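Engineer: Sharing a structure with you now.
The values are calculated or read from the model by the stated rules, or taken from the named source; none is laboratory data. Bear in mind that the values here come from a model prediction, so they are computed numbers and not experimental data. For neighbour counting, all protein chains shown are included, and Cβ atoms are generated from backbone atoms with ideal geometry for every residue, glycine included. Areas reflect the complete protein model, heavy atoms only, side chains present, ligands, DNA and RNA absent. Shrake-Rupley method; radii C 1.70, N 1.55, O 1.52, S 1.80 Å.
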Amino acid sequence: MMLQTTETMKKVNTLAFGTVTLLLLGAGQVDAQIPAGPRELGMGGAYMGVARGYESVFLAPANLALLDGPNWSLGFPQVAVGGSVSGPELTDFIDIVDYDDLEDSRQDELLGLFDNGTEGSFAFRAPLLTFSSGSFGLGVSYSALGSHTLSQDLAELFLEGYEDGRTDYSVGDTYGQRATFWDFAASYARNIAGISVGGTAHYIMPRTLVRTRLFEPQVDLEAQDVTVNYVGVISKGGSGYSVDLGAAFKPHPSLTVSGAVSNVTSQINWSEDLYVRDFTLDRDIIDNATPQDILNRYEATEAPLDPTAVPLRVFEAAELLYDEAYLPAVSRLGVAWSPAARTHIAADVHNKLTEGRLAEAWDQRISVGVQQSLWILGLRAGYSTANDGGNMVTGGFSLGPLDVGVAKYQQKDAGDIATRGWIATFGLGMDQNF
């Protein structure tokens, strides 16, 4: 049950969605794995056979020993950011901010986009420094993945205000999750009788693992007030490792075949010393606080979890905190054909072999891409499709040491609900053959 006036809830239109967005970023996986670098993304992820030098460390370790690789190479840094949302498109949220000023037809259209609720996801991946020298490679990367859901009732309540006499508003399955970690990688490969074999050892340094939940509103009829609890449970720190193995060869000077299995063996032990953020929104906060103020107040409630006195809502919020919070094993096979020295045409097949939500959300991905270089300018295009109906259209360019890649992602589930998003990457890299 919720008791609010229409006017009060109208004031919350921009505030509520701003708050949900801020809590997503502070609480909360993009639906397709973000590639490690802009060249890979630009070719749709079809990069196993093309990767050379530092690009091989996180993708195809055996390629380090291919005879046509650089003597040394350096990437500093490579940064990728992606986001997706189900139901509304990202551009629809521009209109949502000005919802009260829209025509009735546009308001009805926006409300219809939330008929099955919505989920927003983000991913950030940054190989900050990657280096190769001959058959050796080193790299350090930071990753963050998160998501947040919002029920249909809450979306309607935030946009339209309280409907007089209605008592069945429900938060539904409104929750968020986020994981952040560092990855320190060391690679080595050898060329034996024309076949390169190699591996990468990763030391994983977990930073934060977060699970949040919004609970059903509580109403004080006498005080004409309403309270809603937003609870986050946080694990900080831990340790882990993983090992990638691969092989590559060139059956013809213009053809490269490369394969790898990432996380052949892996383990992540998240800390069991937990922290809790338990924030209560009431009518006064909703009426008067800004989204940033609400976020600041939420973060200020953080305190160590007392295992001897755990409130039921904290226990419920933490229930799936560690669920599949590890790296999946993924097989990758790629082929690249280079009909000319500066032209590459490639195709990859990636398969997720085990469960795990920290990478490669698509169970199976098939990618094709092309790259053409002209002096200091390089152009790329690619396409990826997944077994669950998702697809990405990608493109990118290089200008000297600067690499840029972009991708548009979309997917429809069994209920014909569309999830759409964008990925953008940029980075600096160089290699030298002497």
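Engineer: I'm trying to understand the selection: among the residues of the stretch 94-109, which are under 25 Å from the mean Cα position of the chain (by Cα) and surrounded by 15 or more Cβ atoms within 10 Å (Cβ to Cβ)?
Structural biologist: If the condition is that a residue be under 25 Å from the mean Cα position of the chain (by Cα) and surrounded by 15 or more Cβ atoms within 10 Å (Cβ to Cβ), then 95, 96 are the ones that fit.
Engineer: Among the residues of the stretch 284-298, write down those that are open to solvent by 80 Å² or more (accessible area, probe 1.4 Å), among the polar types (S, T, N, Q) and over 26 Å from the mean Cα position of the chain (by Cα).
Structural biologist: 288
Engineer: Given the conditions (1) in contact with a strand residue (DSSP E or B) (Cβ under 8 Å, 6 or more places away or on another chain); (2) charged (D, E, K, R); (3) at pLDDT below 85, which single one is not true for residue 68?
Structural biologist: (3)
Engineer: If you don't mind, there's one more thing I want to ask. In this structure, does residue 155 turn out to be not polar (S, T, N, Q) and not in a helix (DSSP H, G or I)?
Structural biologist: No, not satisfied.
Engineer: Right, another one. Do we have any residue at all in the stretch 365-383 that's of a type in the set (Ser, Thr, Tyr), farther than 21 Å from residue 57 by Cβ and open to solvent by 50 Å² or more (accessible area, probe 1.4 Å)?
Structural biologist: Yes: the stretch 365-383 contains one or more residues that are of a type in the set (Ser, Thr, Tyr), farther than 21 Å from residue 57 by Cβ and open to solvent by 50 Å² or more (accessible area, probe 1.4 Å).
Engineer: Looking at 244, 183, which is the one that is modelled with pLDDT of 95 or more, surrounded by 14 or more Cβ atoms within 10 Å (Cβ to Cβ), of a type in the set (Asp, Glu) and touching a Pro at 6+ places or on another chain (Cβ under 8 Å)?
Structural biologist: On inspection, the qualifying residue turns out to be 244.
Engineer: What number of residues within the stretch 127-151 are more than 22 Å from residue 211 (Cβ to Cβ) and surrounded by fewer than 21 Cβ atoms within 10 Å (Cβ to Cβ)?
Structural biologist: Of the residues in that region, 9 qualify.
Engineer: Which residues, taken from the stretch 327-342, are at pLDDT 95 or above and open to solvent by 90 Å² or more (accessible area, probe 1.4 Å)?
Structural biologist: Scanning the stretch 327-342 gives 333, 337.
Engineer: Separate question: Just wondering, is there one or more residues in the stretch 385-401 that are closer than 21 Å to residue 177 by Cβ and among the β-branched types (Val, Ile, Thr)?
Structural biologist: no
Engineer: Also: Taking the stretch 408-419, which residues are within 20 Å of residue 81 (Cα to Cα), of a type outside the set (Val, Ile, Thr) and open to solvent by less than 60 Å² (accessible area, probe 1.4 Å)?
Structural biologist: 409, 411
Engineer: Among the listed residues 367, 338, 373, 331, which satisfies the condition of being under 19 Å from residue 409 (Cβ atoms) and assigned to a strand (DSSP E or B)?
Structural biologist: Step by step, each of 367, 338, 373, 331 is checked, and only 367 is under 19 Å from residue 409 (Cβ atoms) and assigned to a strand (DSSP E or B).
Engineer: Related question: Inspect all residues belonging to the stretch 299-308 and state whether any of them is open to solvent by less than 20 Å² (accessible area, probe 1.4 Å), assigned to a strand (DSSP E or B) and farther than 30 Å from residue 60 by Cα.
Structural biologist: There is no residue in the stretch 299-308 that is open to solvent by less than 20 Å² (accessible area, probe 1.4 Å), assigned to a strand (DSSP E or B) and farther than 30 Å from residue 60 by Cα.
Engineer: Next question. Considering every residue within the stretch 394-407, establish whether at least one is in a strand (DSSP E or B), of a type in the set (A, V, I, L, M, F, W, C), farther than 27 Å from residue 115 by Cβ and open to solvent by less than 30 Å² (accessible area, probe 1.4 Å).
Structural biologist: Checked the stretch 394-407: at least one residue is in a strand (DSSP E or B), of a type in the set (A, V, I, L, M, F, W, C), farther than 27 Å from residue 115 by Cβ and open to solvent by less than 30 Å² (accessible area, probe 1.4 Å).
Engineer: Here is a further query. I'm checking my understanding of the structure. Among residues of the stretch 194-225 that are open to solvent by 60 Å² or more (accessible area, probe 1.4 Å) and at pLDDT 90 or above, which one is nearest to residue 251 (Cα to Cα)?
Structural biologist: Looking at the filtered set, the residue picked out is 195.
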